Amino acid sequence: MDSETLLARITDYASRPDPYPLYAELRATGPVVRQADDSYLIGAYHEIAALLHDPRMSVDPRTRGDVDHKPPFLRLDDPEHDRLRTLAMRPFGPPHTPGRVDAMRGEIEQIIKELLASFEAGRQIDIVDDFAYPLPVTVICRLLGVPREDEPLFAAWSDALVIAADVRPGQDTTDADKAGDQARIEMGGYLVKLAEQRRGHPTDDMLSAFVNEPDPALRLTQEELAVTAVLLFIAGHETTVNLITNGVLTLLRQPEHLDHLRNDPDLLPRAVEELLRYEPPLQMRERIPNADIDVAGITIPEGASVVLALASGNRDPMRFHEPDRFDPTRPDNQHLGFGSGIHLCYGGPLARREAQAALGALIPHLGTARLVEDPPPYRQSAMLRGPRHLPVQL
């Protein structure tokens, strides 16, 4: 049956430009659809939201013996998750460092100003390479304390890690997994070495804060520092690149909204929330039940792979009025763009700040801009979905 291959069809690269008809098929088939590989695909908003808050749903790949190293806190269950996430939050946000993200406002605006300096009328630019990628990468490098000249090292590492983390049903993932492990080791080693140079010589960045924590009970081990720093770097820019790029693509496809936002920039925060619903950078998450779980009358067995299609939940007409319509004035927008529950995106406040500033600064340059290629070429990842390039004629 076609429904048994929905996940394979959704993750097929041919579906990358527009997976939403397949998500509609998923919701029409049922809240829970068993796949040919014995995984379970869930696309209805209310079922996804409930499972994101269900403590029986594990995120730890070691539950099935998939990895032999300690994962980052994003892939850990409580209480281990809570301990590491709390330690990672200390130099980043409330209550210990409440001003960290707000203090970046001026720096973000300056980076944007420098990037926009090369945008001239009549010129063709690539929104990804010329703007949406360098902005969040520069921001996360400054937050962590990575020297600017070393930023290029991270592109290949990031790509390998994103590919390894992707949902790839029925595919041989051996080579991608090996490349991801190698990237994780090299990137983690680099970041730990950088942090160790600051031990006893603190600077105003997060790596320095981790190694100079005065309370031994609140210090990360070297292994924990490596996996946490890698996670913060990847999570700190990957979703934001897609959020900004998907935003520009959506607005250029719907110029009436571009005009609306140009005339009423106060709508930008709500527009970013709508982009997180309408074209979420993170399309799906995997969970592993640590007990048999009943969902909508179907028993999902312990240890099965459960794929929560967040992007499908965001288009569920049982939760959102006219869900396939982009509406920057949409009220009550409780989307799943950053997940939900204890694993709600750690960097959400920073991603929102960057996207609002980026789109607010870009919109005046897009008045007569046109897409050179539509649909544009997309990245390989089905989970972190966004254009690889977005050529625009200014």
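The values are calculated or read from the model by the stated rules, or taken from the named source; none is laboratory data. Remember, it's a predicted structure, so these values are computed and weren't measured experimentally. Cβ placement follows ideal geometry from the backbone for every residue including glycine, while neighbour counts extend to all protein chains displayed. Ligands, DNA and RNA are stripped out before the accessible areas are found, and what is left, the full protein with its side chains, is counted by its heavy atoms. Shrake-Rupley method; radii C 1.70, N 1.55, O 1.52, S 1.80 Å.
Residue by residue, here is whether (1) out of contact with any helix residue (DSSP H, G or I) (no Cβ under 6 Å at 6 or more places or on another chain); (2) under 29 Å from Leu390 (Cα atoms) holds:
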position	(1), (2)
Pro255	yes, yes
Glu273	yes, yes
Glu286	yes, yes
Pro289	yes, no
His321	yes, no
Asp324	yes, yes
Arg330	no, yes
Asn333	no, yes
Ser340	no, no
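Within region 150-159, does at least one residue satisfy the condition of being surrounded by 19 or more Cβ atoms within 10 Å (Cβ to Cβ), in contact with a strand residue (DSSP E or B) (Cβ under 8 Å, 6 or more places away or on another chain) and on the phi < 0 side of the Ramachandran plot?
Taking every residue of region 150-159 in turn, none turns out to be surrounded by 19 or more Cβ atoms within 10 Å (Cβ to Cβ), in contact with a strand residue (DSSP E or B) (Cβ under 8 Å, 6 or more places away or on another chain) and on the phi < 0 side of the Ramachandran plot.
From the list Asp37, Asp18, which one is in contact (Cβ under 8 Å) with a residue 24 or more places away in the chain and touching a Gly at 6+ places or on another chain (Cβ under 7 Å)? Spell out the reasoning first.
Numbers: Asp18 fails: touching a Gly at 6+ places or on another chain (Cβ under 7 Å).
The unique qualifying residue is Asp37.
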Inset, instruction - Within region 69-120, work out how many residues are basic (Lys, Arg), in contact (Cβ under 8 Å) with a residue 24 or more places away in the chain and open to solvent by 40 Å² or more (accessible area, probe 1.4 Å). - result: 4
Legend entry - Unmet criterion (only one of (1) closer than 30 Å to His389 by Cβ; (2) open to solvent by 50 Å² or more (accessible area, probe 1.4 Å); (3) over 21 Å from the mean Cα position of the chain (by Cα)) for Gly65: (1)
Legend entry - Residue that is nearest to the chain's Cα centre (by Cα) [pool: residues in region 136-155 that are under 22 Å from Pro202 (Cβ atoms) and among the aliphatic types (A, V, I, L, M)]: Ile140
Legend entry - Residue among Thr173, Thr250, Thr221, Thr245 that alone is within 23 Å of the chain's Cα centre (by Cα) and more than 23 Å from Thr329 (Cβ to Cβ): Thr173
Inset, instruction - Find all pairs meeting these conditions: Cβ atoms under 8 angstrom apart; at least six residues apart or on different chains; first residue within region 130-150 and among the aromatic types (Phe, Trp, Tyr); second residue open to solvent by 10 Å² or more (accessible area, probe 1.4 Å). - result: Phe131/Leu115; Phe131/Leu116
Legend entry - Yes/no for Thr63 being in contact with a helix residue (DSSP H, G or I) (Cβ under 9 Å, 6 or more places away or on another chain) and hydroxyl-bearing (Ser, Thr, Tyr): no
Legend entry - Evaluation of Ala121 against (1) modelled with pLDDT of 95 or more; (2) more than 22 Å from Arg90 (Cα to Cα); (3) in a loop (DSSP other than H, G, I, E, B) (one fails), failing number: (1)
Legend entry - Selection within region 10-22 - open to solvent by less than 70 Å² (accessible area, probe 1.4 Å) and assigned to a helix (DSSP H, G or I): Ile10, Thr11, Ser15, Tyr20, Leu22
Inset, instruction - Hey, could you check region 236-259 for residues that are in contact with a Leu (Cβ under 7 Å, 6 or more places away or on another chain) and open to solvent by 20 Å² or more (accessible area, probe 1.4 Å) and say which is nearest to Trp157 (Cα to Cα)? - result: Thr239
Inset, instruction - Working only within region 10-43, note down all residues that are in contact with a strand residue (DSSP E or B) (Cβ under 7 Å, 6 or more places away or on another chain) and farther than 16 Å from Thr299 by Cα. - result: Arg16, Pro17, Leu26
Inset, instruction - Would you please list the contacts, defined by Cβ atoms under 6 Å and residues six or more apart or on different chains, that run from a residue in region 345-374 that is acidic (Asp, Glu) to a residue that is open to solvent by 10 Å² or more (accessible area, probe 1.4 Å)? - result: Glu373/Pro391
